[in-house]
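Presented below is the structure to which this report refers.
The values are calculated or read from the model by the stated rules, or taken from the named source; none is laboratory data. Nothing here was measured: the structure is a model prediction, and the numbers come from that model. A quick note on method: Cβ atoms are made from the backbone with ideal geometry, for glycine too, and the neighbour counts reach across all protein chains shown.
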Amino acid sequence: RAKSAGGNRFELADPEADARAITRHGLTTALPTALDRGEFFIEYQPLVHLGDGSVRGAEALVRWLHPQHGVLSPDRFIPLAEHTGLIVPLGRWVLEQSVRQAREWRERHGGAESLGPLRINVNLSPCQLTHPGLVQDTVDILERTGVAPDALCLEVTESALIGADDDLLKPLRRLAEMGVDIALDDFGTGYSNLANLRRLPVSVLKLDRSFTQSMQQFPADPVDLKIVEGIVSLAHSLDLAVTVEGVETGAQAEQLRILGCDTAQGWYYARPGPPERLHELALVDATG
Ligand code: C2E
Ligand code: MG
Ligand code: MG
Ligand code: MG
């Protein structure tokens, strides 16, 4: 992007990288007080049953409304929050807000007979897993809000559990025994150790978006089809439900339904949005 050389100009080696570093530094400085200033908010993306198209719940996805930079996606600040330790109080806040939201949906849905109870999925960072307060915080939040544990699903990435020892799995086991679902997020991206699945207290596999993307063409790549088919059949034989991420077209949804996936999430159904939106989608779905 540099113009012709000459003159006494100095050049930055990579102006964009530099701008990113400056922003990162600024964000890291602003992060610790952002929670107190109420700058975080949560969007909800529906989880849809592939068999009948009904809305079964939603995933909570946090955003940061930064006073200068506008809405920032979690990829921009979750790593910083993990680095600074803010992830623990932030994660707790997301959990409490989301569970409260789930209770509100459930209450408002009381009249709609055909609706099953909406469930809520919340992402957990590896730092939260190793934090000693996780189980107690979760128990407290569920008790305070009066939401049943089986309305909650905690999403942990597969990579966070790679090589996990029993100490790391203990809190997840406790939560699973209480009835909280544990989902293995972004499944299939890491070094998936299928045999390892048996010892993890998970009840849901969230198949990574890359698999969904490979269903874009019709007919899809036969090898990809076989892989997904294999994962689904293994998951079902271990009593795990399969959710697919990143469904953007009806063709993908149909293909994944035929392959036996249970639940789907993606722009084809709805982008992440405000909580009222989920309520509307679920109601439309129940009445028409
Ligand atoms: P994730 O848990 O795998 O969430 C799914 C991501 O895919 C979300 O990105 C969602 O907006 C995006 N997505 C959904 N449908 C589609 C689609 O059809 N096409 C495409 N291209 N993308 C789709 P988002 O909201 O930017 O979140 C990114 C990641 O940030 C999440 O990935 C999760 O790992 C993390 N995250 C979000 N909220 C939290 C949180 O409260 N706590 C923690 N620890 N991590 C969070
Ligand atoms: Mg997730
Ligand atoms: Mg995911
Ligand atoms: Mg993902």
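Among the residues of the stretch 216-240, those identified as touching a residue at least 40 places away in the same chain (Cβ under 8 Å) and under 21 Å from the mean Cα position of the chain (by Cα) are 231, 240. The number of residues in the stretch 242-288 being within 26 Å of residue 107 (Cα to Cα) and free of Cβ contacts under 8 Å to residues at least 40 places away in the same chain comes to 4.
Scan the stretch 150-183 for residues that are within 13 Å of ligand 3 (Cβ to nearest atom) and either more than 12 Å from residue 135 (Cα to Cα) or without any contact (Cβ under 8 Å) to a residue 24 or more places away in the chain (or both) and the total you get is 8.
Answer yes or no: is there a residue in the stretch 66-77 that is within 30 Å of residue 205 (Cα to Cα), without any contact (Cβ under 8 Å) to a residue 12 or more places away in the chain and surrounded by 11 or more Cβ atoms within 10 Å (Cβ to Cβ). Yes: one or more hits. Scanning the stretch 202-232 for residues that are in contact with a Phe, Trp or Tyr (Cβ under 7 Å, 6 or more places away or on another chain) and within 15 Å of ligand 2 (Cβ to nearest atom) turns up 205, 206, 207, 208.
Residue by residue, here is whether (1) under 25 Å from residue 152 (Cβ atoms); (2) within 16 Å of ligand 4 (Cβ to nearest atom) holds:
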position: 186; (1), (2): yes, yes
position: 193; (1), (2): no, no
position: 198; (1), (2): yes, no
position: 201; (1), (2): yes, no
position: 205; (1), (2): yes, yes
position: 209; (1), (2): yes, yes
position: 213; (1), (2): no, yes
position: 219; (1), (2): no, no
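Scan the stretch 181-205 for residues that are within 16 Å of ligand 1 (Cβ to nearest atom) and within 18 Å of the chain's Cα centre (by Cα) and report the count. The number of residues fulfilling the criteria is 13. Taking the criterion of being among the basic types (Lys, Arg) and either part of a loop (DSSP other than H, G, I, E, B) or crowded, with 18+ Cβ neighbours inside 10 Å (or both), the residues of the stretch 194-238 that qualify are 206, 209.
In summary, residue 177 fulfils each of the numbered conditions (1) of a type in the set (D, E, K, R); (2) within 16 Å of ligand 4 (Cβ to nearest atom); (3) closer than 23 Å to residue 142 by Cβ with the single exception of condition (2).
The number of residues in the stretch 224-267 that are within 16 Å of ligand 4 (Cβ to nearest atom) and touching an Asp or Glu at 6+ places or on another chain (Cβ under 7 Å) comes to 6.
Of the residues 49, 25, 83, 69, the single one that is at pLDDT below 95 and within 29 Å of residue 270 (Cα to Cα) is 69.
Considering the stretch 25-138, the qualifying strands (runs of 3 or more DSSP E), each wholly inside and each with 1 or more residues that are more than 16 Å from ligand 2 (Cβ to nearest atom) and in contact with a helix residue (DSSP H, G or I) (Cβ under 9 Å, 6 or more places away or on another chain), run over 40-49, 55-66, 70-72. Restricting to the stretch 139-148, give me the number of residues that are over 22 Å from residue 85 (Cα atoms) and either within 16 Å of ligand 2 (Cβ to nearest atom) or part of a helix (DSSP H, G or I) (or both). Matching residues across the stretch 139-148 total 4.
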